[in-house]
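Working notes for the structure below.
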Amino acid sequence: MRTIIKAYPYQRHRILNMIYVSVTYYPSFDIDSPEKWFKRTEVYSGILQYLAKENTVINLKQINYEGEQIHKGIRYIFFNFGKKSTYFPWKLNRYVKSLKPDVVLVQGLHVPLQVIQLRLLLSKKVKIIAQNHAEKPMTGFKKYLQRLASRCINAYLFASRDMGMDWVKRGNLINAGKIHEVMEVSSVFYPIERSLAIEKTGVTGDPVFLWVGRLNDNKDPINVIKAFLKFVDIEPNARLYMIYHTDELLAPIKDMLNDCKNGHAISLVGKVEHDELLYWFNSTDFILSGSFYEGSGTAVCEAMSCGCMPIVTDIFSFRMITDNGRCGLLYEAGNQAALLSAFKQTQQMDVGEKQKMALEYFRTNLSFEAIAHKIQTIAASL
């Protein structure tokens, strides 16, 4: 018999001692050791670690390594069935069945054919929960595969409920009642003394803004830079630091900064190791984003875990991550004037209070523990 206990205030009940099997169908053959996989997935695996505190959690993954390992309470099973098994994963699905799960967590919504095959093997008592990882609705024949797979899946997890409802409106999913708002990632970072962080980063300025993301059209760094350069006319001590690991738009950005009298206010930091972001987030007042689309918003989530106030675009995922702007500011994507207005608003508001709200919202809604509790509650309701 499963043990049922009371959960967080926003929950009713959750069931403990369940067997959760997490499965990822697409292989990652560039990974050749468990340790590398643990490092790559640390912003995701913390959710399973908290589930494992009260349940049995097994994580199946195809990499360039075979074997088992217990890591932070999770039983990892690594295998290599080859690329041919990706679309018709008979061995993997049969292995899932042999583990006698109560819940199967399918990572990603781009595998409808695989999920249909899995459902045919499992009993109806086994619940399938699918987590969206920034995938967009498929089109053509694949759209109807997703629609058919939605009959096989008991619950969908989207970073924002509005994102899931968009899938329903497009006809890829058939039941809005299966959609649940659950963040896909969290953060391994935490607040530290700002002075200690600045010793590492050398950040100057007041206030300090931070960008973490690719320099591509979807992230729209050029709009962010144009608005910020105008803001420096009003707030001369403001500084923006930009961290990025791809540089598609770097050349025009450098030209823009060289041609502007305020170009010195923006520092192009470039790529930093993920662990070093702890110090950058704790050196900063605000985290910025210009994205037109995000599946969740990893960098913003990580920044909030250190107490940064987000200034981000008014898109589905960021509405959720900011509690509809309660602990940050939202502006229309691509709208330079709207972003400049948001910058000006920071001069009049109690930024310290907003930062406290961002940190508290992270802890209660975006942390590994909060996400795991939500998943347990959903599983118990199915």
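Quick one: of LYS100/LYS136; LYS91/LYS124; LYS39/LYS100; LYS53/LYS127, which pairs are farther than 22 Å apart, Cα to Cα?
LYS100/LYS136; LYS39/LYS100
So which helices of the chain fit the span-like rule, where a helix is a whole DSSP H run, its Cα atoms reach 18 Å or more along the axis, and its mean Kyte-Doolittle is at least -0.5?
221-234, 368-381
Which value results for Rg/Rh of region 301-382 when Rg is the Cα radius of gyration and Rh the Kirkwood radius based on the inverse mean 1/r?
Rg/Rh: 1.07.
As a test question: what accessible area, to the nearest 10 Å², does GLU248 have when a 1.4 Å probe is rolled over all protein chains in place?
GLU248 exposes around 100 Å² with every protein chain in place.
Which value, in Å², gives the accessible area per residue of region 38-129 when a 1.4 Å probe is used on the protein heavy atoms?
49 Å²
Using θ = phi - 60° and the Karplus curve 6.51 cos²θ - 1.76 cosθ + 1.60, what whole-Hz ³J(HN,Hα) does each residue of region 261-266 get, with Gly and Pro shown as x?
5, 9, x, 5, 6, 10
Under a 5 Å amide H to amide H cut-off, with H placed in plane at 1.01 Å, what residues pair with HIS133 once short-range neighbours are removed?
GLY108, LEU109
Students often forget the sequence filter, so: which aspartates and glutamates lie under 13 Å Cα-Cα from LYS125 once same-chain residues fewer than 8 apart are removed?
ASP102
If DNA, RNA and ligands are ignored and the probe is 1.4 Å, what is the ranking of ARG170, ARG239, ARG147 by accessible area, most exposed first?
So the residues, ranked largest to smallest area, are ARG170, ARG147, ARG239.
Over the alpha carbons of the chain, what is the largest minus smallest coordinate on each principal axis, giving the biggest first in Å?
66, 44, 41
Roughly to the nearest percent, how much of the accessible area of the chain is carbon and sulfur, given a 1.4 Å probe?
Ligands and nucleic acids excluded, carbon and sulfur give 51 percent.
Considering the dipole of region 240-373 built from charges on the beta carbon (Lys and Arg +1, Asp and Glu -1) around the Cα centre, which of THR298, LEU339, GLY263 is farthest to its positive end?
Farthest towards the positive end: LEU339.
Under unit Cβ charges (Lys, Arg +1; Asp, Glu -1), what dipole magnitude, rounded to 20 debye, does the chain have relative to its Cα centre?
Charge dipole of the chain: 2320 debye, to the nearest 20.
The values are calculated or read from the model by the stated rules, or taken from the named source; none is laboratory data. Since we're looking at a predicted model, the values are computed, not measured. With ideal geometry, Cβ positions are generated from the backbone for all residues, glycine too; neighbour counts draw on all protein chains shown. Side chains included, ligands, DNA and RNA excluded: accessible areas come from the protein's heavy atoms. Shrake-Rupley method; radii C 1.70, N 1.55, O 1.52, S 1.80 Å.
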